Amino acid sequence: MNPDFAIYAVHTGFWCAFGVTLLVRAPASSPGSGPLPASVPASGPPVTAPFSRAMLAFHMLAFGLMYFGVGNAVVPNRVPTWFTGQRIAGALVIAGGAALACWALVYFQSWRFRAQLEAGHALATGGPFAFVRHPIYAALDLLALGTAIWVPIPTVWIAFVLMVVGSDLRGRAEDRLLTQTFGAEYRDYQKRTRRFVPGLY
């Protein structure tokens, strides 16, 4: 039996954890959806970052390439072995990404798939957001990294690079949008909190 088919179970676990957390998270009463800040309009249309659809599509391209590469290596049983325990290491990285994503979703009730602010959107700076500004994108990067460790072929590593680029583009777009909305409060938050890697970037 091909042991690398287990990667599909690990990915299913990641997406099930993400989806279930998104569905059953607590009602809008967490720090991420608290009282409306003065800098956010109480009503009116949502404010969306420019090119948010294009950046989301770029991220989807990375996912498509990643799963294409996984299928081409796993199904014909051609996953190369780089080091002993690479499958365990990859699974642990993916699990870490799932935990980070779930923590962020539980803490922050205002998260949206696109870089968009709606009435009632509050600034989250606690929980995982105290360590990185964009923990959900960081979680997706961990998913891609763990996959590349498990299935170390060029296609999957290219997908990982594209995933990181897509996360960075979306994170920068959200930074600009949040700076426009929250002003000095968000700039202060940026100074003390890195975008994706605590203390580094």
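A quick yes/no check of all residues on (1) farther than 17 Å from TYR67 by Cβ; (2) touching a helix residue (DSSP H, G or I) at 6+ places or on another chain (Cβ under 8 Å); (3) modelled with pLDDT of 90 or more:
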| position | (1), (2), (3) |
| --- | --- |
| VAL20 | yes, no, yes |
| SER29 | yes, no, no |
| PRO37 | yes, yes, no |
| PRO41 | yes, no, no |
| PRO45 | yes, no, no |
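Criterion first (at pLDDT below 90 and over 21 Å from PHE18 (Cα atoms)) does LEU177 satisfy it?
Spelling it out, LEU177 is indeed at pLDDT below 90 and over 21 Å from PHE18 (Cα atoms).
Select from the range 52-63 the residues that are over 14 Å from the mean Cα position of the chain (by Cα) and in contact (Cβ under 8 Å) with a residue 12 or more places away in the chain and list them in ascending order.
Correct list: SER52, ARG53, LEU61.
So, GLY90, is that one modelled with pLDDT of 90 or more, in contact with a Ser or Thr (Cβ under 7 Å, 6 or more places away or on another chain) and within 20 Å of ASP4 (Cα to Cα) or not?
Against the criterion (modelled with pLDDT of 90 or more, in contact with a Ser or Thr (Cβ under 7 Å, 6 or more places away or on another chain) and within 20 Å of ASP4 (Cα to Cα)), GLY90 qualifies.
Going by what's in this entry, would TYR201 be described as assigned to a helix (DSSP H, G or I), more than 10 Å from the chain's Cα centre (by Cα) and of a type in the set (Ser, Thr, Tyr)?
Here the answer is no, as TYR201 does not meet what is asked.
Quick check on THR147: is it in contact (Cβ under 8 Å) with a residue 12 or more places away in the chain, assigned to a helix (DSSP H, G or I) and surrounded by fewer than 23 Cβ atoms within 10 Å (Cβ to Cβ)?
no
Taking the range 158-198 on its own, how many of its residues are polar (S, T, N, Q) and either assigned to a loop (DSSP other than H, G, I, E, B) or buried (at least 18 other Cβ atoms within 10 Å of the Cβ) (or both)?
2
The values are calculated or read from the model by the stated rules, or taken from the named source; none is laboratory data. As the structure is a computational prediction, the values presented were derived from the model and not from experiment. As a convention, Cβ positions derive from the backbone with ideal geometry for all residues, glycine included, and neighbour counts pool all protein chains shown.
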